[in-house]
1. What whole-number distance in Å separates the alpha-carbon centres of segment 1-40 and segment 41-106?
2. THR9 to ILE29: extension gain in nm, 0.36 nm per residue of separation minus the Cα-Cα distance?
3. Below 8 Å between Cα atoms, with a sequence gap of 6+, how large is the relative contact order for the chain in percent?
4. In Å and from the alpha-carbon atoms only, list the Rg and Dmax of the chain.
5. Go through segment 93-99 residue by residue and turn each phi into a ³J(HN,Hα) via Karplus (6.51, -1.76, 1.60, θ = phi - 60°); whole Hz please, and just put x for glycine and proline.
6. Hey, what do the phi angles of segment 57-64 turn into as Karplus ³J(HN,Hα) couplings, whole Hz, using 6.51/-1.76/1.60 and θ = phi - 60°, x for Gly and Pro?
7. Which order do the peptides 16-22, 62-68, 36-42, 94-100 take when ranked by the mean count of other beta-carbon atoms within 10 Å per residue, highest first?
8. Based on the Cβ-Cβ distance from MET43 to ASN22, what FRET efficiency comes out when R0 is 30 Å, to the nearest 0.05?
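Readers should treat all values here as calculations from the given coordinates under stated rules, not as data from a laboratory. Note that this is a predicted model, so its numbers are computed, not measured. With ideal geometry, Cβ positions are generated from the backbone for all residues, glycine too; neighbour counts draw on all protein chains shown.
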Amino acid sequence: MVGVGVCYTDLQEIIDAITFANVIIAAVIVVGAVVGAAIGGWMIGFFPIESAITAGLCMANRGGSGDLEVLSACNRMNLISYAQISSRLGGGIVLVIASIVFGMMM
């Protein structure tokens with residue numbers, strides 16, 4: 001599968017999509033998701049770091065494999081079930097918001 005993906009992916013198109021505006025928008029979305037999740041978790045009595053990881057970072061990553069990468073880097077694999085819920089619900093929300101912002105900037 002990797003070989004087919006590499007062969008049929010136009011790398012120049014990906015390189016052309018990496019612009020200053022796109023990088024800034026992506027960074028602002030990730031930072032906003034993390035900070036918002038940490039503050040929201042703290043307000044209802046959760047640990048801010050764990051709520052920022054599961055609700056913020058796992059919402060704004062690449063899905064299941066991204067959840068594993070984030071949680072293993074944080075040494076918090078016991079939060080995988082919460083991360084999966086966050087990825088499925090929050091990932092769609094992030095895609096909708098990002099597509100609206102990209103549409104306004106183009």
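1. So the two Cα centres are separated by 14 Å.
2. Length difference between fully extended and current span is 4.6 nm.
3. Relative contact order here is 21 percent.
4. Taking only Cα atoms of the chain, I get Rg and Dmax of 15.5, 49 Å.
5. 3J(HN,Hα) across segment 93-99, in whole Hz: 5, 4, 5, 5, 5, 5, 5.
6. Going residue by residue, I get 5, 6, 6, 9, 10, 8, x, x Hz, with x marking Gly and Pro.
7. In descending order of packing, they fall as 36-42, 62-68, 94-100, 16-22.
8. Taking R0 as 30 Å, the efficiency between MET43 and ASN22 is 0.40.
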